Amino acid sequence: MRYLIRHAIPADIPKLSELLNAYMQETFQKAWGGTPQQLKQDCFGAELEMLVAETLEQETIAFAAWKTSYDLHWCIKGGEVIDLFVCGDHRSRGVAMKLLVAVANEIHKSGGVYIKGQAVNGTAERLYQRCAWCFTAAECYVSGRAFRRLAELSGKGVREIVRGLPEQSWNYEP
């Protein structure tokens, strides 16, 4: 199945609210604590950015939320993935990878040179561990040559993304 990755728009708020509730229930066994109004206020550059994945029938089935980040240790700009979620029926089809490389590309276009995020389950950890340097508490960073490679993979097919994922060692190359 093919998926379209695009920026979230205000009309996506009802579906994003559903997806956020499903994510929270699945991951933390709790209801989402936000509101559609709050999400609309904070999204679209105010506090965070969001991309969505949708089917060719325009059904929104996944999201990735991120914000800008700054690494004071190296004085460089980057981005942090806040959350990424794919509906169960659409998992294991490369949707998460497509979202992750699209976020990397957006961060790269805004002058960022790394992406970081946390993996809260085994599947997400395996995805990050393919190309990231992971620290305790499942906090993962992709930077340097590895980050640029992720950004270059945006818009590619799943097989090309999998074949093109950077090596962990690339995180230490400028």
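The values are calculated or read from the model by the stated rules, or taken from the named source; none is laboratory data. Computed from a predicted structure; not experimentally measured. Here Cβ is always computed from backbone atoms with ideal geometry, including for glycine, and neighbour counts include all displayed protein chains. Note: accessible area is taken over every heavy atom of the protein model, side chains too, but ligands, DNA and RNA are not part of it. Shrake-Rupley method; radii C 1.70, N 1.55, O 1.52, S 1.80 Å.
Here Gly88 meets each of (1) within 24 Å of Val162 (Cβ to Cβ); (2) modelled with pLDDT of 95 or more; (3) open to solvent by 40 Å² or more (accessible area, probe 1.4 Å) with one exception, condition (2). Note on region 110-153: among residues that are basic (Lys, Arg) and within 18 Å of Cys75 (Cα to Cα), the one that is modelled with the lowest pLDDT is Lys116.
Within region 130-154, residues that are closer than 19 Å to Asp83 by Cβ and small (Gly, Ala, Ser) have Cβ atoms under 7 Å from residues that are part of a loop (DSSP other than H, G, I, E, B) and at pLDDT below 70 in these pairs: Ala138/Val120, counting only partners at least 6 apart in sequence or on another chain.
Every residue, every condition in (1) at negative phi; (2) buried (at least 21 other Cβ atoms within 10 Å of the Cβ), yes or no:
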{"position": "Ala31", "(1), (2)": "yes, no"}
{"position": "Phe44", "(1), (2)": "no, no"}
{"position": "Leu51", "(1), (2)": "yes, yes"}
{"position": "Trp66", "(1), (2)": "yes, yes"}
{"position": "Tyr70", "(1), (2)": "yes, no"}
{"position": "Lys77", "(1), (2)": "yes, no"}
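For region 91-108, filtered to residues that are open to solvent by less than 40 Å² (accessible area, probe 1.4 Å) and of a type in the set (Gly, Ala, Ser), the residue that is farthest from Met1 (Cα to Cα) is Ala104. On the basis of being closer than 21 Å to Leu165 by Cα, β-branched (Val, Ile, Thr) and in contact (Cβ under 8 Å) with a residue 60 or more places away in the chain, does Val81 make the cut? Criteria not met by Val81.
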